[in-house]
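For reference, the structure discussed in these notes is given below.
The values are calculated or read from the model by the stated rules, or taken from the named source; none is laboratory data. Just so it is clear, the model here is predicted, and its values are computed rather than measured. Here the Cβ positions follow ideal geometry from the backbone for every residue, glycine too, while neighbour counts run over all protein chains shown.
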Amino acid sequence: MNGYYRHCFGIVGPNGQEPQEVILSFVPFEGKFIKSLPLHESQEILKDNEEELRLKLKLVITHDFLMELLSHGDNVRVIAPDKLLKEVKAIYRNAFNQYQDEQGI
């Protein structure tokens, strides 16, 4: 794929953003799915063993890519970049806080 959307995950354009190196770690079961249906054409396997599938991608981090990561729940862990890791952690923290009762969990 060439052109404007080359470094995009889906249909959201880069909007002037530069592609970044993203490193993700999937649990083995989810890793099998990700190997059979790659997230992006830049997907490169860094590690594939009984503990994890670790990938490197080069893409623009857009809202649709973030939503894709969140759809994998606790089967994926963001390793890099740090800004994406912090954003995912904040989203999960906010979601968790919505379900806390007044006594805490």
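Is at least one residue of the range 53-65 in a helix (DSSP H, G or I), surrounded by 11 or more Cβ atoms within 10 Å (Cβ to Cβ), more than 10 Å from the chain's Cα centre (by Cα) and modelled with pLDDT of 95 or more? Checked against the condition, which is being in a helix (DSSP H, G or I), surrounded by 11 or more Cβ atoms within 10 Å (Cβ to Cβ), more than 10 Å from the chain's Cα centre (by Cα) and modelled with pLDDT of 95 or more, the range 53-65 yields no hits at all. Collect the residues in the range 1-59 that are closer than 21 Å to Lys86 by Cβ and of a type in the set (Ser, Thr, Tyr), keeping them in residue-number order. Passing the criteria: only Ser25. Close Cβ contacts (under 6 Å, 6 or more residues apart or on different chains) running from residues in the range 60-85 that are more than 11 Å from Glu21 (Cα to Cα) to residues that are among the polar types (S, T, N, Q) and surrounded by 16 or more Cβ atoms within 10 Å (Cβ to Cβ) comprise Arg77/Ser25.
Taking (1) within 21 Å of Tyr4 (Cα to Cα); (2) part of a helix (DSSP H, G or I); (3) at pLDDT below 95 in turn, Asn15 satisfies each apart from (2).
Between Glu30, Glu44, the distinction of being farther than 24 Å from Asn94 by Cβ and modelled with pLDDT of 95 or more belongs to Glu44 only. Go through (1) among the charged types (D, E, K, R); (2) surrounded by fewer than 13 Cβ atoms within 10 Å (Cβ to Cβ); (3) part of a helix (DSSP H, G or I) for Glu87 and report which single condition fails. Going through (1) among the charged types (D, E, K, R); (2) surrounded by fewer than 13 Cβ atoms within 10 Å (Cβ to Cβ); (3) part of a helix (DSSP H, G or I) one by one, Glu87 breaks only (2). Of all the residues in the range 1-26, those that are farther than 13 Å from Val60 by Cα and over 13 Å from the mean Cα position of the chain (by Cα) number 3.
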